Every structure is written in structure tokens, then in C-alpha cells.
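The values are calculated or read from the model by the stated rules, or taken from the named source; none is laboratory data. If you're wondering where the values come from, they're calculated on a predicted model, not measured in any experiment. Cβ coordinates were reconstructed from backbone atoms using ideal geometry, including for glycine residues, and neighbour counts include every protein chain displayed. Side chains are part of the model used for accessible areas, which takes the heavy atoms of the whole protein and leaves out ligands, DNA and RNA. Shrake-Rupley method; radii C 1.70, N 1.55, O 1.52, S 1.80 Å.
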Amino acid sequence: MYPLKYTVSLRIWHPSLDPTKISDQLALKPTRSWKAGEKRQTPAGDRLGGVNKSSYWSCELKKRSGNLELAHFLQRTVKMLKRHRTFLKKIRASGGRIELFTGCFIRTNSGEELNWKLLQELGRLKVDVALDMYSREIGDSHR
């Protein structure tokens, strides 16, 4: 099998939590965020109709893989998230959702094993994993 190329982002949704509190607690700068009740806008800052119904915070943790397998990267991410276990549990307990969004870019058969220990640790943290599979890298449509 061929190596799996991937990106991973930590994404958090919450009914009312200020995204700056998430940044402060996790010591991470968001790639994109908005606060519940604020006017909606595009990433470029153009106004959209209405207001945000909930808060959202997203941080790109890994833009493209090098030689690090996805499972190993997720294990390192879990280790980092464990330091914030109490905060993450408060997010879940107050109606929030936490996810590791993973985009996988494949050209031919490829795969990855996420063992039960990793999945158990993610479960204890109440962190979901979203897997999006792409048949080729974005911007690579000429092949």
C-alpha cells in the first residue's frame, strides 16, 4: 500500500462558549472561528444573512503528512488533548461537540489502522473522528 496523505483539524462547536476561551485554554490559534450571536460572515469577511446559532472554533493541526502515519499523529494529538481533559469534558457536558476532522488524500489503494487503544483514548476524551476521503489532492485535478 502507498502512504496516506492527510490533514487533521481540531474542531469544536458549542451553544455559547466564546472561541477566545478555547484558544486560551488549548494555547492554539484557530484557523477559523465565530461566536454564537454574532453576525454571520464568509471567511473573507463578507456579510451573510442572520447570526451564528452556535460558536465554532477550528485549528489546523497538520496540513500535510510527512512520514508520520495517521495513527501515530492521532496518538500524539491525544497525548496533547489529555492535558486539557477537564476543559474538554466541560465543553461536552455543556452541550458542545469536539471532533478531529481528518481529510485523507489517496491516488491508489491506501489504508491505516486505528487500534482499539487509540479509539478508547479518544472515547474517554469524548472526541469524535471525522474521516473525509478524497480520490486525489485538492488542486491536482489534471491527473
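Things to note:
Per-residue answers, yes or no, for (1) assigned to a loop (DSSP other than H, G, I, E, B); (2) of a type in the set (K, R); (3) at pLDDT 90 or above; (4) farther than 21 Å from V129 by Cα:
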| position | (1), (2), (3), (4) |
| --- | --- |
| L17 | yes, no, yes, yes |
| S23 | no, no, yes, no |
| G37 | yes, no, yes, yes |
| L61 | no, no, yes, no |
| G66 | yes, no, no, no |
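- All told, L81 falls short of being modelled with pLDDT under 95, assigned to a helix (DSSP H, G or I) and open to solvent by less than 50 Å² (accessible area, probe 1.4 Å).
- Unmet criterion (only one of (1) open to solvent by 40 Å² or more (accessible area, probe 1.4 Å); (2) in contact (Cβ under 8 Å) with a residue 24 or more places away in the chain; (3) of a type in the set (F, W, Y); (4) in contact with a helix residue (DSSP H, G or I) (Cβ under 8 Å, 6 or more places away or on another chain)) for W13: (4)
- Residue match in the stretch 117-129 (condition: open to solvent by less than 50 Å² (accessible area, probe 1.4 Å), assigned to a loop (DSSP other than H, G, I, E, B), of a type outside the set (S, T, Y) and modelled with pLDDT under 85): no
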